[in-house]
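Working notes, beginning with the structure itself.
Values in this text are rule-based calculations from the coordinates and carry no lab data. On a predicted model such as this, the values are computed, not experimentally measured, just so you know. Cβ placement follows ideal geometry from the backbone for every residue including glycine, while neighbour counts extend to all protein chains displayed.
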Amino acid sequence: MDIWLTDPDERFLARGPVSFATGAAMRVKGKRWFRDTERNDIQGELPGWPERPVDTPNSLSGSLARKAGMGAVLGLGAAVMVVLSAAGGNISTGSGPGSGSDTPEDPADEVDDFPVMWAAPGTLARTLPWQLDPGRSDDKRYRTHAIVTDRRLVIVGFPFSKKDESRIEDEVLWQVPRSAIDRVERRDFKSGNDMRIVFTDGSWCRLRSLSRRSLTWPLIAPRDYIPLDSLTSAQWATVEAFAATQHPDVEPPLVMRNACGCYRVLVMDQLTVDADFGTTEWDMTMDANGVEVEPVAFHPEDFAD
């Protein structure tokens with residue numbers, strides 16, 4: 001086991017699986033492109049990247065045929081649902097939070113084209129590791145994770161074997177200081193798992209992660225963490241008790257004050273890593289008196305964004 005760990009004076013914030021995203025709209029389904037600011041393909045210019053054919057957009061006629069076929073299947077499914085419902089069957093449909101959106105936020109980059117790297121010569125996005133590309137790295141044999149700290153964003157990779165999923169031998173593939181990141185945007189079209197990281201030099205990348213909420217939460221807005229020694233005795237007793245019920249190797253708790261006056265307490269364990277989901281985190285909300293707030297009594301501000 002060789003898990004990447006923060007420096008002693010560095011605060012661990014999140015770890016989760018990450019890769020370049022993949023198109024979902026019919027014309028770009030299953031595709032991705034690496035572009036300069038003139039929309040030229042640049043994957044052949046990226047140093048050290050294994051060669052791979054440039055993706056070709058799906059033909060419009062083929063896309064329409066697939067869409068028509070899918071519509072027929074969905075129509076048949078709807079008809080069956082109606083029959084079952086009429087017969088008294090207990091039918092439930094719908095999807096949970098974070099399931100994505102059918103409305104593109106940026107049709108030029110999500111429907112007509114699907115760049116996952118947008119980078120002029122010499123910009124930071126061009127330095128991203130090729131192992132993030134599902135077209136070049138087989139996730140059945142190799143995984144890539146992103147790690148967020150209060151100082152940097154790190155990409156690590158490690159060999160993966162289904163026979164020994166607990167083996168983590170991290171190799172640092174890439175890292176940048178937080179100061180090099182201009183902003184991070186959640187992109188919900190279709191999967192609801194995408195994010196766009198925009199660097200201060202104007203270049204950007206589009207990544208996908210099953211742990212998107214955990215990875216983006218500490219990156220999207222500045223977080224003011226309350227020093228633990230400034231908590232009241234009642235607050236500290238609640239925080240300490242909550243942390244003690246989790247894994248023995250957890251990081252020191254992170255405490256943030258919400259706008260409503262409640263406090264969010266977050267506990268993480270960077271020593272226990274799951275190849276599919278990253279690290280585990282636990283959170284709890286307490287009021288100003290140090291009393292844990294039940295979810296039914298949460299304010300809107302108490303839900304992690």
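Data overview
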read-out: Gain on full stretching of the segment that runs from PHE298 to GLU240 - 0.36 nm per residue minus C-alpha separation; value: 18.8 nm
read-out: Highest-first arrangement of 176-185, 113-122, where packing means the average Cβ count within 10 Å; value: 113-122, 176-185
read-out: Charge context of GLY261, other residues only, Cβ under 14 angstrom, K/R +1, D/E -1; value: -1
read-out: Lys pairs, the chain - Cα-Cα below 29 angstrom, 8 or more residues apart or on other chains; value: 13
read-out: Neighbour-limited loop hits for chymotrypsin sites (Phe, Trp or Tyr not before Pro), region 274-305 (at most 16 other Cβ within 10 Å; DSSP other than H, G, I, E, B); value: PHE277, PHE298, PHE303
read-out: Ascending count of other beta-carbon atoms within 10 Å, so fewest first, for LEU207, LEU228; value: LEU228, LEU207
read-out: Radius 9 Å from Cβ of PRO115, net charge of other residues (Lys, Arg +1; Asp, Glu -1); value: +2
read-out: Rounded to 10°, Cα long-axis angle of helix 233-244 versus longest principal axis of the chain; value: 50 degrees
read-out: Where Rh is the Kirkwood radius over Cα pairs, Rg/Rh for region 118-234; value: 1.03
read-out: Exposure proxy order (Cβ contacts within 10 Å, fewest to most) of LYS163, LYS190, LYS29, LYS140; value: LYS163, LYS140, LYS29, LYS190
read-out: Whole-Hz couplings from phi, Karplus 6.51/-1.76/1.60, listed for region 272-277; x for Gly and Pro; value: 10, 10, 9, 4, 7, 10
read-out: Efficiency of FRET from Cβ geometry, ARG52 and LYS163, R₀ 25 Å, rounded to 0.05; value: 0.35
read-out: Projected-area average for region 228-302 over all orientations - Cα convex hull basis, square nanometres; value: 5.5 nm²
read-out: Unit Cα scatterers, Debye sum, the chain: log10 I(q)/I(0) for q = 0.09, 0.15 Å⁻¹; value: -0.57, -1.24
